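Undergrad: Once you've had a glance at the structure underneath, I'll fire off some questions.
The values are calculated or read from the model by the stated rules, or taken from the named source; none is laboratory data. Please read these numbers as outputs of a predicted model, since none were measured by experiment. Cβ atoms come from the backbone with ideal geometry, glycine included; neighbour counts cover every protein chain shown.
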Amino acid sequence: MRFLAGLLLVSGVVAQDGAPAGIVKGELIEWRGSDTRGEISLRTPDHRVYWCSFDEKTYFERDGRRTLISKAAAREKIELLSDHGPPPSGCYARLIRVTEEKHVPPAYKIRTMLRPERRPWQTDTLFPRGNLTFAGVVLWVRPGLFAVRMNGGEQKKFVLREDTRYAADGQTVNASLLKPNTRVFIRAGKNLDDQLEAFHIVWGRILLPGGGGH
């Protein structure tokens, strides 16, 4: 009985329902439903298991391009931008990005090794470091810059990069659609000048069962 109780206690620690709001990285376990609505589960490096719901507004990405959840395979590495969502999981995935590196032929690796080494800031545009997430309401938008009032009331400015991606209601959109008073979710990182740079900006409604949303 003690062994069983201990096993249940450990299971309660590593297995959870909804992921916390923000970026969650891990390994895809499985997904249920269709390409437009369902649930996805992932296991984090510290062995926590999270479930999140998704729908047609969720943006799925691989290699910088939109894709379908059905194209992902179990055990692939994924990055999930989560928000508070409807039950039962209480978690909603606004963005799911497959980060698994594809197999690179040995010959290509040899050619790559012969090339001059790139500095981190040179490869930044190829492999964005956006490891920070923010949520708030857009205050103003200017060429190359915009400001957001965070949920806690603090105001932050973000640099808009040439490769910043924008998604509204699960669709890739033009930067011109980013408007004041829009509630957004931002994947960002800091540049060498300690400025926040926006790599991905997502906004739109969450669809609820029965066709509703918020």
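Undergrad: Counting only residues that are closer than 10 Å to Val98 by Cα and part of a loop (DSSP other than H, G, I, E, B), how many does region 69-82 have?
TA: Of the residues in region 69-82, 3 are closer than 10 Å to Val98 by Cα and part of a loop (DSSP other than H, G, I, E, B).
Undergrad: Might you check whether a residue that is part of a strand (DSSP E or B), closer than 26 Å to Pro20 by Cβ and at pLDDT 90 or above occurs anywhere in region 169-183?
TA: Within region 169-183, one or more residues are part of a strand (DSSP E or B), closer than 26 Å to Pro20 by Cβ and at pLDDT 90 or above.
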